[in-house]
Each structure stands twice: as C-alpha cells, then as structure tokens.
C-alpha cells in the first residue's frame with residue numbers, strides 16, 4: 001500500500017500538487033453528520049408516528065434506532081469507520097426527556113440536550129442544531145411561521161427562540177459555535193390568492209426569533225423550491241431567504257443542493273455567496289428527480305461543490321453538513337458511505353493544481369485547461385484516499401462493511 005501511495009504522490013507532484021499539504025488540510029475539515037439518518041427522522045417525541053409537514057422517509061430496513069441509547073450507539077459505530085473531523089447535527093425533536101416528562105416544542109430547554117452535550121464531549125465532536133417545524137399538531141394548513149393564525153405563528157416563534165437559546169448553551173458547553181438552521185414546510189398545494197402576506201408574516205417571525213443576541217450561535221435560513229403539500233407555492237423561497245440574509249447581518253443563507261430546480265447547480269451558487277458572505281452553510285444530499293434526500297454518492301456535482309470550496313480557499317468559510325435519510329438500506333452504512341464520499345470529494349478537490357488552473361483561465365489557455373482537467377480524472381486518487389484512511393486508523397476499503405454487517409447481526413437484528 002505504501003508503495004502505491006508514493007507512486008500516486010509522485011504523479012500528483014509532477015503537476016505541482018503538494019499531497020501532504022492536501023491531507024493536512026483535509027483532516028481539519030469538519031463534516032456535520034445528521035442524526036436523523038439513524039432513525040428515519042422519527043425523533044424521540046412521537047413513538048414512531050408517521051412524519052408530516054412536507055417531509056417523508058421511505059423504506060423499512062430492520063434495526064432502526066428507537067431511543068437515545070440506540071441512536072448514539074449506532075452513531076458511534078459509524079464514527080469509528082469515518083476518518084477526519086466530525087460533528088453531529090441535531091433536530092429539536094431529539095430532546096431527551098426524563099421518564100414521564102412532557103415538554104412541548106415551545107418549552108424546550110438546554111437541560112433537555114445535556115445528554116447530547118455529554119455524548120459530544122465523550123466523542124470529541126461539535127454539535128449543530130435545527131428547530132423542528134414539522135410532524136406536530138400545531139402545524140395548521142401546512143403553515144408555521146407564516147400562519148395567519150396568531151396562536152400558531154406565536155407557538156413556532158417561541159420554538160425558534162428556544163432553539164437558539166439551546167444552541168447558545170451547547171456552544172458554551174463545547175467551546176465551539178453551533179449552526180442553528182431554520183427550515184419550515186410552509187406553502188400551498190395549489191396556486192395561492194396571496195403570495196405576499198405569508199412572506200411578510202414569515203419576515204416578522206424571523207425578526208422576532210433572531211432579535212436576541214446569543215453568543216456562539218451561527219444563524220441561517222434554508223430555502224426550498226417545493227415539497228410534499230406545497231407543490232405550487234413555497235413561502236421560504238430561495239429569493240426570499242437570500243434577500244433576508246443579505247439584509248440581516250449575522251444571518252446566513254444555507255444552500256441545500258436538493259432544494260433547487262434539477263438544472264440548478266449549487267456548486268455555481270457557492271462562489272456567488274462567498275463574494276458577499278463570510279460564511280456559507282451547506283447541506284449536501286442527493287436528489288433523484290426531487291428533493292428525495294438519497295445517500296450522497298461520489299458524483300460530478302458533489303466533486304464540483306468540493307472544488308468550489310477548495311479552489312476559493314473557503315474550507316473554513318463553508319460549513320459542510322449532510323442531509324439525507326434513506327430507510328431502505330442499513331442506516332449506519334448510509335452514514336458511512338455519505339460522509340466518506342463528502343470527504344473523498346474534498347480530497348479530490350485538494351489534489352487539483354488550483355492556482356495553475358486559474359492561471360490558465362486568466363491567460364485564456366482554455367485548451368490546456370481542458371486537457372489538464374481531464375488528465376486529473378484518471379490519476380490514482382484512490383491510493384491517496386486509502387493512505388489517508390490508514391493514517392486515521394479506519395478501514396481504507398470495503399473492509400469497513402464487514403464491521404457494519406457484524407454489528408447488524410449482533411445488535412440491529414435484536415431490535416425486533
């Protein structure tokens with residue numbers, strides 16, 4: 001293996017790529033892994049009730065985590081097989097309550113996430129956070145923060161405020177900023193009579209949620225083209241949230257690459273936002289004809305996303321998170337495949353002679369640029385990846401799958 005690595009390293013060095021420097025950069029890039037892949041977005045509130053509010057997980061693969069203990073055990077198994085720096089991304093619906101305790105979403109407190117903080121400390125990972133604006137009886141007519149019913153709107157504003165305070169608590173406990181991301185399912189199935197009023201109500205709600213200055217919180221809003229039950233009109237559109245973030249310092253526009261028209265490329269949006277924002281939050285998923293959140297594969301758009309992050313020297317400015325939930329496959333394998341693919345894409349980008357390629361573009365040497373871009377595609381990138389995994393003490397090849405298969409036999413198969 002070492003001979004293969006040295007040979008691959010020389011091939012890249014011939015093009016002016018410092019492989020060791022690339023690996024040093026990669027190991028420092030945190031990827032925020034979403035907890036909800038482990039239990040199909042069920043959370044700890046509803047005892048397995050069906051999801052609602054524009055969100056859905058499909059499949060019934062056996063062994064789904066049913067509580068905090070099972071979910072964290074599965075997550076730790078995944079962490080042990082993923083190299084590099086990691087974080088965990090939580091939803092408010094994963095609050096850990098005492099037996100018999102009841103706390104509605106507008107009454108959640110930092111203490112309900114103390115166990116998650118302990119878990120993060122034990123595993124040396126950071127935490128990101130999301131208010132949960134779905135699967136709740138206070139969603140009326142598929143509306144939350146934009147509802148004309150003031151009781152409904154106020155409930156969800158209070159929930160958003162609670163979540164920002166929880167995020168600040170977590171940040172102080174871990175000594176690491178927490179990305180707090182607002183996504184809502186608000187919209188209409190058919191053509192609305194009034195498109196402006198819901199957006200004005202959403203703007204008012206966001207102003208109220210973000211009014212309190214809280215240390216350690218990175219606030220962001222996440223747009224969407226359409227979803228289940230809001231096919232005709234989405235209140236929180238891309239134009240609305242980008243305008244809101246641009247006019248509200250300290251609030252960022254999160255890009256989810258499943259939330260746009262199929263011909264739109266998030267890779268092209270990243271440098272546009274980098275021209276105006278000091279941070280660009282990112283959710284990486286894989287849409288198949290719609291925002292279906294399939295497990296991330298090492299496909300062209302993922303590589304382009306990574307290249308835009310790397311070539312623009314934005315590894316510390318683009319906050320990378322994952323967002324998929326596939327219930328048709330082993331959930332731990334889904335975490336591992338998706339996260340490792342994000343890391344592979346970053347490594348692929350780090351192994352590009354970016355400055356040389358920019359120079360060729362500026363000199364209008366487009367023929368040489370095309371040639372170089374194509375030559376890079378067949379260089380022995382996999383040998384560099386396997387060396388990186390070895391240095392991180394995780395299986396470099398499909399050997400990791402045998403560990404997951406054994407875990408499924410020993411643990412998941414006993415969950416009934």
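Relative to the dominant Cα principal axis of the chain, helix 150-174 is inclined by about 40°. Taking the fewest neighbouring Cβ atoms within 10 Å as the starting point, the ordered list for 169, 233, 94 is 233, 169, 94. GNM on the chain, alpha-carbon springs under 10 angstrom: the most fluctuating residue among 34, 248, 112 is 248. For region 124-275, the antiparallel share of DSSP beta bridges with both residues in that region comes to about 25%. Residues 203, 398 in ascending order of nearby Cβ atoms (within 10 Å, fewest first): 398, 203.
When the Cα gyration tensor is reduced to axis lengths a ≥ b ≥ c, the ratio a/c is 1.5 or higher for region 231-352, and with a/b not above b/c it is classed as oblate. Counting only alpha carbon atoms, the long axis of helix 399-410 and the longest principal axis of the chain meet at about 40°.
Over the residues of the chain, the helix contribution to mean residue ellipticity at 222 nm works out to -13000 deg cm²/dmol, using -39500 (n - 2.57) for each DSSP H run of at least 4.
Of 133, 44, 226, which is the most mobile in a GNM of the chain whose springs link Cα atoms less than 10 angstrom apart? Greatest mean-square fluctuation among the candidates belongs to 44. Comparing 153, 165, 140 in a Gaussian network model of the chain where C-alpha atoms under 10 Å apart are linked, the largest mean-square fluctuation is found at 140.
Of all DSSP beta bridges confined to region 29-350, the antiparallel ones make up roughly 15%.
Axis angle, to the nearest 10 degrees, between helix 238-247 and the longest C-alpha principal axis of the chain: 90 degrees. Please work out whether region 191-297 counts as rounded, prolate or oblate from its C-alpha gyration tensor, where a ≥ b ≥ c are the square roots of the eigenvalues and a/c under 1.5 means rounded, while otherwise a/b larger than b/c means prolate and anything else oblate? It comes out oblate by the Cα gyration axes. Cβ-to-Cβ counts within 10 Å put 366, 324, 381, 155 in ascending order as 366, 381, 155, 324, the fewest first.
Shown here are the Rg and Dmax of the Cα trace of region 315-395, at 16.6, 49 Å.
The numbers here are math on the coordinates, done by the rules we state, and not lab data. Because the structure is a prediction, the values reported are computed rather than measured. Reconstructed Cβ throughout: ideal geometry from the backbone, glycine too, with neighbour counts over all protein chains shown.
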